[in-house]
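The structure under discussion appears below in the form of C-alpha cells.
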Amino acid sequence: MSATGKRSVVTGAASGIGQAVAMRLLREGASVIAADINGSGLAPVVAAGATPFVGNLAVDADRDRLVEAGQGVDYLVNAAGIIRLKPILEFTVQDLREIYAINVEGTWDLCSRIGRTMPSGGAIVNLSSSSAKLATTTEAAVYASSKTAVLSITRSFAYAFASNNVRVNAICPGIIDTPMQEKVLADVAVKRGMTVEELSTTRNKTVPLGRSASADECAGMIWFLLSDEAGYMTGQAINYTGGLVMW
C-alpha cells in the first residue's frame, strides 16, 4: 500500500481531516500539494514536506491555478469545506451561494478538471458528511444539503471515469475532533441554550461506539480508499460514524 512516487492534491489541508490526510500521504511516500485559503495553517504540512498552495477555491482564478498544478496527479482529496450555523428559517439564498461555492462548485470543478488528467489507477476521495444522511442538526441544514450534493457528484464522476480506471469515492465522517466540529458544538450549544459539554455528551450518546473519532483515524480510512487495497471500490459513500449512520 505504499504511495512512493505518487503525486497528490489535498484541499482543506490547513486543519482537521484535510491536514491529517496530507500528513498521512506524506508518511506513505506521496508528494502532496496542500491547498487552503489559510496559508499560515499550512505550516505543519509544509514542514513535513508538502508543497503549499494558498488560494480561495470559491474563486475561479485560484481554482484554475490549482488545476494547473494538479494535472496528472494520482490522488485528489477534496476536503475543503465551510459551514455556517443558523436556525433553519434564517438561512438566505446568499448563504447557499457562499457555502455551495466551496463545498459543491469547488468539488465538482476539481473532480472534473483534475480527474480527467489522472493516470490509470488514480483515485479521488470527496469529503461528504453524516449530515448528508441525517437531519437532526437543522442549524447546519445548508451545509448538510451541500454534502448531499457531494454524494451525487461522487457517483456521477465514478461512472464517468470508470473507463479510465480512475476511482471516485466519498467518505461521510460523523463526529470527528476537528476545529470545525468545535465550532459546531460552540455555536449550536448557544442556540440551544446548552453548555458545550452538555451538547457534546448528548451527541456522543447517540453514537453506538460512544465516542468521537480523531482526524488521524479518519485519514486512515481515506488512505485506504485511495490505495490499491480499495481497487474494486468506486461510487461509494463510506460512513465513518461509529455506528451513528448505518445506511
Exercise for review: Could you look through the stretch 13-39, keep only residues that are open to solvent by 10 Å² or more (accessible area, probe 1.4 Å) and touching a strand residue (DSSP E or B) at 6+ places or on another chain (Cβ under 6 Å), and pick out the one that is farthest from residue 62 (Cα to Cα)?
Suggested key: 26
Exercise for review: Considering each of 69, 79, 123 in turn, give the residue that is aliphatic (A, V, I, L, M) and over 20 Å from residue 17 (Cα atoms).
Suggested key: 69
Review point. Mind checking which pairs have a first residue in the stretch 1-24 that is of a type in the set (Ser, Thr, Tyr) and a second that is modelled with pLDDT under 95 and surrounded by fewer than 24 Cβ atoms within 10 Å (Cβ to Cβ), Cβ under 8 Å, 6 or more apart or different chains?
Key: 15/179; 15/180
Point to revise | Subset of the stretch 179-226 (residues that are part of a loop (DSSP other than H, G, I, E, B) and surrounded by fewer than 16 Cβ atoms within 10 Å (Cβ to Cβ)) | key: 193, 194, 195, 206, 208, 209, 210, 211
**Study point:** Residue match in the stretch 98-106 (condition: in a loop (DSSP other than H, G, I, E, B) and touching a helix residue (DSSP H, G or I) at 6+ places or on another chain (Cβ under 9 Å))
**Key:** no
Practice item. Look at residue 42 and say whether it is under 17 Å from the mean Cα position of the chain (by Cα), closer than 23 Å to residue 122 by Cα and surrounded by 15 or more Cβ atoms within 10 Å (Cβ to Cβ). Key: no
Review point. Could you say which residue among 120, 131, 112 is open to solvent by 40 Å² or more (accessible area, probe 1.4 Å) and either touching a residue at least 12 places away in the same chain (Cβ under 8 Å) or part of a loop (DSSP other than H, G, I, E, B) (or both)?
Key: 120
Study note, to complete from the structure: Every listed condition ((1) assigned to a helix (DSSP H, G or I); (2) over 22 Å from residue 150 (Cα atoms); (3) under 17 Å from the mean Cα position of the chain (by Cα)) holds for residue 26 save (3)
Point to revise | Every residue from the stretch 146-166 that is polar (S, T, N, Q), surrounded by fewer than 19 Cβ atoms within 10 Å (Cβ to Cβ) and assigned to a helix (DSSP H, G or I) | key: 148, 152, 156, 163, 164
Point to revise | Among residues of the stretch 235-247, those that are open to solvent by less than 50 Å² (accessible area, probe 1.4 Å) and polar (S, T, N, Q), counted | key: 2
Check your understanding: assigned to a helix (DSSP H, G or I), open to solvent by 50 Å² or more (accessible area, probe 1.4 Å) and charged (D, E, K, R), is that true of residue 95?
Key -> no
Practice item. Please enumerate the residues belonging to the stretch 30-67 that are of a type in the set (A, V, I, L, M) and assigned to a strand (DSSP E or B). Key: 32, 33, 34, 35, 54
Review point. Taking the stretch 56-74, which residues are out of contact with any Asp or Glu (no Cβ under 9 Å at 6 or more places or on another chain), of a type outside the set (A, V, I, L, M) and open to solvent by less than 40 Å² (accessible area, probe 1.4 Å)?
Key: 62, 70, 72, 74
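One line per residue, one yes/no per condition, for (1) of a type outside the set (Lys, Arg); (2) closer than 16 Å to residue 11 by Cβ; (3) more than 15 Å from the chain's Cα centre (by Cα):
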{"site": "129", "(1), (2), (3)": "yes, yes, no"}
{"site": "138", "(1), (2), (3)": "yes, no, yes"}
{"site": "144", "(1), (2), (3)": "yes, no, no"}
{"site": "151", "(1), (2), (3)": "yes, no, no"}
{"site": "170", "(1), (2), (3)": "yes, yes, no"}
{"site": "177", "(1), (2), (3)": "yes, no, no"}
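The values are calculated or read from the model by the stated rules, or taken from the named source; none is laboratory data. No experiment lies behind these values; they were computed from the predicted model shown. Because the Cβ atoms are built from the backbone with ideal geometry, glycine has one as well, and the counts that use them run over all protein chains shown. The protein model used for the area step is the full one, side chains on, heavy atoms only, and it has no ligands, DNA or RNA in it. Shrake-Rupley method; radii C 1.70, N 1.55, O 1.52, S 1.80 Å.
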